[in-house]
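A short worksheet on the structure shown next.
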Amino acid sequence: MTLLLISLRSDHGGGPKHLLDLATQLKIDHPSQRIAIAAPDEAPYGPAFKELAGPLFFELPHRKFTLGAFWRLARWARHQGVSTVHSHGRGAGVYSRLLKFLDSRLRVVHTFHGFHRGAGLTGSLKVAVDRLLAPWADAYIAVAPDEKILLESNGCTKEIPCHVILNGVATPSALSPRSHFRGVLGLLARHDHQKGLDLLMRHLLAWNSLSPARPWVFHIAGFAPASFEVPGPLRDRVVLRGPLSDPRAFLRELDLYVSSARWEGLPLSVLEAAAEGVPTLLSDVPGHAYFKDKKVTATFRLEDSNSFCHELNQLFQSETQRLELAQKAFQLVREHHSVERMARETELLYRA
């Protein structure tokens, strides 16, 4: 069997990282497994995809569907003897399910990696496409229970089984002791509407006005600094780190991980922060709700700067709260979010 994994992103993000972790673990478990990867050839994950897949790498455009790319992929997949396709992300799911439309013998598994019904005509059209393509899959994967509820309630899975398989990350055997709290905050994200960096800047401006003398700094990594402008009052407080070759090393530098995302699936960066013993402060939105329900994070109302400042102040003042959140989150990741478990449960869907 040749397994084809599809992603329309190879830049920084949870989806590409998830695909790489999954493919790597599948290769460890089954060294003779033929794994093909169709994805953009872009940093940082494109080179890793090419190295893992070797001649079974097929280049796709970044976050774009074109008929030309689709027909080339269909011919290439047929030539490579692809029998199972697993797509990651909304756009990749268009390619995979149209492949099944052409050849019903293909087994297609699709992971959305987060669901959001956007505003306006564009948002409605995206959901309409999801509904239209829903029957052309054999199994769907939701990365969190609340995502499954959203997918099913919006008609994006129809009668096709939808399975919850929690994201997995590499986790140390024990929680590393952390140095004293220095007020080093941070976030690993791409710069787009979903990640809510505009809201983050608004909240940090409010925090800075309330605590102008308090020592703190906020590091943002994961995208080209030239694409983002830090407000003037925060230029001595916010550091743009750009793309990273070792995101886990970046997370280990932090005293607190903060996300103001408007929506998520089950974010790998939060799981990895937990694996490194870093407490988290997250917006109270789908995807982050998983961590809130498990009582392993502090949360704030997405657009409420007062809520953000209150929760952040609590974390600055209470070492006990920070340690308790870090320890609970680390244990959650150790018990339920291993890469090995994720790969094992996913592979069962390939062979069903």
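Every condition in (1) under 16 Å from Gly89 (Cβ atoms); (2) surrounded by 20 or more Cβ atoms within 10 Å (Cβ to Cβ); (3) in contact with a Lys or Arg (Cβ under 7 Å, 6 or more places away or on another chain) holds for Tyr140 except the one numbered (3). For region 173-222, a residue qualifies if it is at pLDDT below 90, among the aliphatic types (A, V, I, L, M) and closer than 28 Å to Ser245 by Cβ, and the qualifying residues are Ala174, Leu175. The single condition from (1) surrounded by fewer than 17 Cβ atoms within 10 Å (Cβ to Cβ); (2) in contact with a helix residue (DSSP H, G or I) (Cβ under 6 Å, 6 or more places away or on another chain) that Leu132 fails is (2). Residues in region 94-128 that are assigned to a helix (DSSP H, G or I) and touching a residue at least 60 places away in the same chain (Cβ under 8 Å): Tyr95, Ser96.
Quick check, is Thr280 closer than 30 Å to Ser83 by Cβ, modelled with pLDDT of 95 or more and buried (at least 20 other Cβ atoms within 10 Å of the Cβ)? Spelling it out, it is not the case that Thr280 is closer than 30 Å to Ser83 by Cβ, modelled with pLDDT of 95 or more and buried (at least 20 other Cβ atoms within 10 Å of the Cβ). Here the condition is being within 15 Å of the chain's Cα centre (by Cα), charged (D, E, K, R) and not in a loop (DSSP other than H, G, I, E, B); of Arg262, Arg248, it holds for Arg248 alone. The listed residues are Asp198, Asp255, and the only one of them that is over 30 Å from Arg117 (Cβ atoms) and out of contact with any Cys (no Cβ under 6 Å at 6 or more places or on another chain) turns out to be Asp255. Of all the residues in region 228-245, those that are out of contact with any strand residue (DSSP E or B) (no Cβ under 9 Å at 6 or more places or on another chain) and assigned to a helix (DSSP H, G or I) number 2. Screening Ser307 on (1) free of Cβ contacts under 8 Å to residues at least 12 places away in the same chain; (2) under 19 Å from the mean Cα position of the chain (by Cα); (3) farther than 17 Å from Lys328 by Cα shows it passes everything except condition (2).
Among the residues of region 318-352, which ones are part of a loop (DSSP other than H, G, I, E, B) and either surrounded by 15 or more Cβ atoms within 10 Å (Cβ to Cβ) or at pLDDT 95 or above (or both)?
Matches in region 318-352: Ser318, His337.
Note on region 129-164: residues that are in a helix (DSSP H, G or I) and over 17 Å from Ala289 (Cα atoms) amount to 7.
So that you can scan it fast, the table gives a plain yes or no per residue for (1) more than 25 Å from the chain's Cα centre (by Cα); (2) farther than 15 Å from Leu133 by Cβ:
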position: Gln33; (1), (2): yes, yes
position: Ala36; (1), (2): no, yes
position: Phe49; (1), (2): no, yes
position: Leu60; (1), (2): no, yes
position: Val82; (1), (2): yes, yes
position: Tyr95; (1), (2): no, no
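Would a scan of region 12-29 turn up a residue that is over 24 Å from Ile220 (Cα atoms), buried (at least 24 other Cβ atoms within 10 Å of the Cβ) and at pLDDT 95 or above? No: zero hits.
Is there a residue being over 30 Å from Arg351 (Cβ atoms), free of Cβ contacts under 8 Å to residues at least 12 places away in the same chain, in a helix (DSSP H, G or I) and in the same structural domain as Gly13 (by TED's automatic domain parsing) anywhere in region 187-203? Looking for residues that are over 30 Å from Arg351 (Cβ atoms), free of Cβ contacts under 8 Å to residues at least 12 places away in the same chain, in a helix (DSSP H, G or I) and in the same structural domain as Gly13 (by TED's automatic domain parsing), one finds none in region 187-203, hence no.
A single entry from Pro55, Pro61 fulfils the requirement of being more than 17 Å from Glu347 (Cβ to Cβ), free of Cβ contacts under 8 Å to residues at least 12 places away in the same chain and not assigned by TED's automatic domain parsing to the domain that holds His193: Pro55.
Does Phe223 qualify as being among the aromatic types (Phe, Trp, Tyr), touching a His at 6+ places or on another chain (Cβ under 9 Å) and buried (at least 17 other Cβ atoms within 10 Å of the Cβ)?
Yes: the conditions hold for Phe223.
Can Ser227 be described as modelled with pLDDT under 95 and over 21 Å from the mean Cα position of the chain (by Cα)? No: the conditions fail for Ser227.
The values are calculated or read from the model by the stated rules, or taken from the named source; none is laboratory data. Here the structure is a predicted model, which is why all the values come from computation and not from measurement. Cβ atoms come from the backbone with ideal geometry, glycine included; neighbour counts cover every protein chain shown.
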